[in-house]
Amino acid sequence: HRADPALGPQLPGAEERPRQKVAAAKLNEEISSDSDVESPALSGKRKRDNEAEEEIEETAQEKKLRLAKLYLEQLRQQEEEKAEEEAFKEELVAGRLKEDVLEQKGKLQRLIAKDLQPPDPAEIRVLRGHQLPITCLVISPDDKYIFSAAKDCSIIKWDVESGKKEHMIRGGKKGTEGHVGHTAHILCMAISSDGKYLATGDRNKLIMIWEAATCKHLYTFTGHRDAVSGLSFRKGTHQLYSASHDRSVKVWNVAENAYVETLFGHQDVITGLDSLSRECCVTSGGRDGTIRVWKIPEESQLVFYGHQGSIDCVQLINEEHMVSGADDGSVALWGLSKKKPLATVRQAHSNHGAQGLEQPYWISSVAAMLNSDVVATGASRCSCSASVRLWKCNEGFRKLELLFDIPLVGFVNSLKFSNAGDFLVAGIGQEHRLGRWWRIKEAKNSICIIPLKRMAAASSVQTGEGS
């Protein structure tokens, strides 16, 4: 029986029951809602459990595949890094090869002259140890040592940094038995480009070979019939060229302790010799007025004329150009493709003597900073006048421009630039290396280390065609 609302109040409890059902339904909803959202801690635990289950579920085959992919990715990255490194090395090598090719062609020229500054005379270091005039010197390839020799027949190995003697090979008197070393004026010396061998030549026609590191005597070469006046190792080899007052050039293999051949051509005593990496050498022929380029494999020679006096020194600047000096006071630049000088400076170190009787100062030594535009000349000067001059080779070696003077007193019998180009070494004597024509008493028989400062840290490189 349904109650009619119009009929008055309903039975007690009839309204509460639906309300209770609604409340119960809401409560159920709330409980259900709470069970869907877990606490963060519970959620994290469940996630870890799931991951652990997944790991357990990864088969051995899947693990292998995953590790293989990881390994391949590492390899790929390593290969990329290696490829980048190789590309960098190739660029470096290509740059070096290009320089080597240009050097071989005589077309590599480092433009250093514009940055050089005159040295402070107070910074020039003087090393004393020889009793008589220094005649020749060389610098080790690493620029750490200087080897010098003199008319007292001695050889000294100097430490460049400290200026101290590392070793001394004393000279002996002729006829002295058991003496290891020279017993006559040493006129020339050379060091191999790997720094292994040192060669020295004397007035007694002998060439002695030494181990440069220990100064131990290794061999003695005989064969020249007069004083040995020039020595040079072919760059990158142990092939040695020697020149003599007997007018000949000889070729030796030092590593094999062997004589190779003799070349003839000069009409007067040979006064100087130089070589680089090509199988050829250049010589100055004193009073025959020639410079000769000897092509060893072909056994042929090129003859160059230019100076008016005795040509006493010659040095290669690069594989295609050289500089020479003579007792007429002139300095000349040469290209191997031209028989006449490309440039000549007369009275390069000015004149001396009474008015009307002036004589030029002899050029007693020349040096070249390898593959650059800088050369140095040394002369016989007394008083405080400059006896070393630095020059810039201009306009494709067609002009010599004076850079500055370096004040030294005496005969500059030998000049050498360090391989890095940061210092110049001069061997000074009271007399000329080849004779006793006159003596400068004020001079000190010594080695002078001249620092070369540059305005800019880096030098530019020019690859001109040259001459």
### Query
Is any residue of segment 242-271 close enough, with backbone N under 11 Å, to a label point placed 7 angstrom from the Cα of Lys196 along the Cα-Cβ axis, and if so, which?
254-257
### Query
At a Förster distance of 25 Å, what's the computed FRET efficiency of Glu395 paired with Lys295, Cβ-Cβ distance as r, to 0.05?
0.35
### Message
Assuming 0.36 nm per residue, please report the length gained on full extension of the stretch Glu86 to Trp437 beyond their Cα-Cα distance.
### Response
120.2 nm
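Could you work out Rg/(2.2 N^0.38 Å) for segment 125-451, with Rg from alpha carbons only? Walk me through the intermediate numbers first.
Details: Rg = 18.1 Å, N = 327, 2.2 N^0.38 = 19.9 Å.
Normalised by 2.2 N^0.38 Å, the Cα Rg of segment 125-451 equals 0.91.
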### Query
Which percent of the accessible heavy-atom area of segment 125-451 goes to carbon and sulfur, probe 1.4 angstrom?
46
#### Entry: Table column - 3J(HN,Hα) (Hz), segment 141-157, Karplus curve with 6.51, -1.76, 1.60, x for Gly and Pro
x, 8, 6, 8, 10, 10, 10, 10, 9, 8, 6, 7, 6, 9, 10, 10, 9
### Message
What distance in nm separates the two pseudo spin-label positions at Ser162 and Lys144, each 7 Å out from Cα along the beta-carbon direction?
### Response
1.2
### Query
Given H placed 1.01 Å from N in the peptide plane, which residues other than close sequence neighbours of Glu166 have an amide H under 5 Å from its amide H?
Lys157, Trp158, Asp159
### Message
Please report the net charge: other residues with Cβ closer than 14 Å to the Cβ of Leu72, K and R +1, D and E -1.
### Response
+1
### Message
Give me the percent relative contact order of segment 125-451, please, defined on Cα pairs under 8 angstrom at least 6 residues apart.
### Response
12
### Task
Provide the per residue accessible area, probe 1.4 Å, for segment 125-451, rounded to a whole number of square angstrom.
38
## Note on the structure
Any GluC sites (Glu not before Pro) in segment 335-421 that lie in a DSSP loop and have at most 14 other Cβ atoms within 10 Å would be Glu358, Glu395
### Task
Subtract the Cα-Cα distance of Arg346 and Val260 from 0.36 nm times their separation in residues, and report this length gain in nm to one decimal.
27.0 nm
### Message
Can you tell me what percent of all Cα-Cα pairs in segment 164-223 are more than 17 Å apart?
### Response
37
### Message
If I stretch the segment between Glu123 and Tyr219 completely, what's the gain in nm (0.36 nm per residue apart, minus their alpha carbon distance), one decimal?
### Response
30.7 nm
#### Entry: Accessible-area value, Tyr259, 1.4 Å probe, nucleic acids and ligands omitted, Å²
120
### Query
Where Lys and Arg each count +1 and Asp and Glu each count -1, what net charge lies around Asp274 among other residues with Cβ under 11 Å from its Cβ?
+2
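The values are calculated or read from the model by the stated rules, or taken from the named source; none is laboratory data. Given the structure is predicted, the values throughout are model-derived calculations rather than measurements. Don't worry about glycine lacking a Cβ; one is built from the backbone with ideal geometry, like all the others, and counts go over all protein chains shown. Just the protein is used for accessible areas: all its heavy atoms, side chains included, with ligands, DNA and RNA removed. Shrake-Rupley method; radii C 1.70, N 1.55, O 1.52, S 1.80 Å.
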